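For reference, the structure is listed below as structure tokens.
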Amino acid sequence: MGEQSVSEDPEEKLLRLHDSIISYISALRLSDLDVLQVEVLGRLIGCRRTTAELVEEIYGTPSPSDGYAADYYRVRRATRSLEAKGFISAPLFGRRKPYHLTRYGVSVLANITPGEEPERLVTRIDILVHASTLGLLMLTVLYTGSMLSWVLLLPGLMLVCLGVSLGRLAGTVRKVM
Amino acid sequence: MDPEDRAEIGDMPRLQVSMKVRVIALSGVFLLVVALGLYASSPLVIRCLEFVKDLAWAPPDDQFNDTGSGGDEPDKPAAELMTFSILQDDFMTQDPHWFWRFNNSNDLRSITVKNGSLFLNLTEKVDDGSFVRIYITDREEGRGDRWLYVDLEIRLRCSDENGLEGRGKGRRSWGFMDLFPSNWQNSLVFRSISPESDPDRVGLQVCGRVDGEEWASRSISGVDIREWHNYTVLWRPGNATFLIDGEMVYSTGQAPSTPMGIMIYTDNAKSVQDKDLYTGFYLDLEVEQSIQIGHVGVSLDREYHDEYSNRMDELFANFSSIIEAVDAADLNSTGMRMDLDWFKGEWNETGYLHGERYMVLLSICDLAGELEEISGMFEEAREAIAYARDEGDERKVRIFKNYYQMAEKAWLEYDFTRIGTLLGSIINW
């Protein structure tokens with residue numbers, strides 16, 4: 001170790017440090033992410049990058065060179081996987097599709113230290129609110145023909161629940177946009 | 001790409017949908033379910049929103065002409081000591097006793113209850129010859145009519161829009177009817193007919209139908225139906241009396257003898273008898289027309305109620321004899337006893353028995369008479385056989401034994417299922 005620290009130049013030292021950070025992150029809750037995915041996440045902190053830019057930054061491979069295609073597919077697979085997990089996102093429309101970290105991704109990364117509860121995309125409260133809305137909606141449909149006076153409470157409660165539900169639904173969508 | 005690289009990279013996953021797309025798709029499904037639910041429950045949701053709107057802001061009710069003697073608040077009739085009240089509804093709430101119908105559906109947007117009144121609002125503008133009708137009734141399909149020989153009092157007034165002198169367009173009617181809204185066979189009603197509907201029978205009338213045949217309707221003059229009035233029908237076995245504000249306007253010796261339900265309706269139908277007048281069966285409506293109902297009450301005259309009670313006691317006593325006869329035949333009468341208790345419970349609770357059930361009870365008691373007859377045959381035969389044996393007349397003994405066998409045959413062939421069927425139909429109510 002000592003021998004290594006004497007002989008290595010600062011750039012190598014930085015690389016080793018980078019690797020150790022990556023392994024540290026991987027050891028934490030993101031154990032289902034591979035090293036390349038964590039690298040991609042790191043590169044996207046605070047900025048937007050297209051797949052080509054990520055390939056160039058991570059591998060230093062210029063686009064016309066040999067091996068570029070292999071590196072490109074590796075990165076692309078990593079970005080797709082991250083996208084499927086909701087950590088990163090790219091615009092739905094437009095030719096240029098730079099990736100960026102989603103709110104959910106940022107939140108998960110911010111809570112990776114031990115002891116912190118990981119962020120959930122759909123919380124228990126969300127499930128409770130949506131289930132209540134659907135339950136009340138079902139009761140409202142069932143009691144539509146009824147003349148009982150208390151039945152008027154059902155649509156009122158259902159509309160209130162629906163409002164809360166839509167708000168939380170919009171919040172969930174915003175988290176992964 | 002090098003084969004080594006390819007091996008290292010592996011294949012690109014075929015279907016890896018981004019979380020964003022999945023969340024949006026699930027949100028879309030959720031919204032679709034909610035939209036379908038809201039559509040299915042729209043009448044109730046609209047009622048709820050109107051209720052909230054009424055709480056926050058009660059708009060002036062300008063569809064009625066308040067310049068008449070009726071005043072703003074409907075005068076509720078005082079409870080009279082001379083009557084036995086069975087049903088009183090002042091429409092402070094939507095009582096589940098009633099079935100509310102708009103064009104035979106349960107679309108309740110045009111029926112509202114507020115400030116102690118029920119409003120039947122025919123709000124649809126009609127200019128294409130289509131039919132619109134709105135009504136409330138307490139007769140329930142499949143369960144028969146509730147009322148038989150009772151007094152009905154309805155307090156209401158009609159809007160003066162869309163026609164002459166509050167007649168609206170088409171027909172308005174309130175009273176007793178059976179089989180409504182299909183072709184009724186029996187009725188005792190007040191009816192208002194517009195000039196466009198039938199020039200020969202325009203105005204307010206009392207009319208009735210017995211077993212499908214309408215007796216001549218009687219026109220009532222000097223009554224402005226735009227003002228509050230109490231309309232009363234006194235229905236008794238074999239006669240009916242119509243009153244407006246306590247004054248008799250018509251009495252007849254023709255009255256239905258089968259149960260009927262209460263019904264109040266307004267529609268845009270022509271009510272014509274002459275086929276030449278059938279040029280467009282339904283009338284166009286330019287503006288809405290309505291009926292405002294302040295009170296509906298059903299009661300029995302005290303004296304008649306005492307008579308009715310005696311008859312009920314008699315019926316229950318006869319009913320018990322059926323059970324005894326069934327027990328004697330070693331048949332299971334447990335269900336019948338339960339039905340009898342259930343009958344008595346309803347009778348004790350309300351002081352009145354549902355009209356159709358009453359009719360079935362009568363039928364059962366007719367069967368009781370048949371059973372009693374058979375039972376009498378047994379007794380007579382036994383006595384005659386004993387007498388003939390005492391006399392030692394074997395010929396007479398043989399004759400009376402034959403008579404006994406006839407009684408036994410009648411008993412064995414007696415159709416107890418008729419009783420069961422009748423009781424089954426009652427318990428379904």
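The values are calculated or read from the model by the stated rules, or taken from the named source; none is laboratory data. These figures come from a predicted structure and were not determined experimentally. FYI the Cβ positions are ideal-geometry reconstructions off the backbone, even for glycines, and counts take in every protein chain you see. SASA here: full protein model, heavy atoms, side chains in, ligands and nucleic acids out. Shrake-Rupley method; radii C 1.70, N 1.55, O 1.52, S 1.80 Å.
Of note:
- Ranking by accessible area, most exposed first, for A:C161, B:C158 with a 1.4 Å probe: A:C161, B:C158
- Within 10 Å of the Cβ of each residue in A:60-73, the mean number of Cβ atoms contributed by other protein chains is 2.
- Computed with a 1.4 Å probe over protein heavy atoms only, the accessible area of A:E119 comes to about 50 Å².
- The mean number of partner chain beta-carbon atoms within 10 angstrom of a residue's beta-carbon across peptide A:162-175 is 2.
- Computed on protein heavy atoms with a 1.4 Å probe, the accessible areas place B:K20, A:K85 in the order A:K85, B:K20, largest first.
- Within region A:85-177, chymotrypsin sites (Phe, Trp or Tyr not before Pro) in DSSP loop having at most 10 other beta-carbon neighbours inside 10 Å: A:F93
- For B:R157, solvent-accessible area (1.4 Å; no DNA, RNA or ligand), Å²: 10 Å²
- For peptide B:28-37, the mean count of partner chain Cβ atoms within 10 Å of a residue's Cβ comes to 3.
- In region A:66-117, one over the average inverse separation of all distinct C-alpha pairs is 12.6 Å, which is the Kirkwood hydrodynamic radius.
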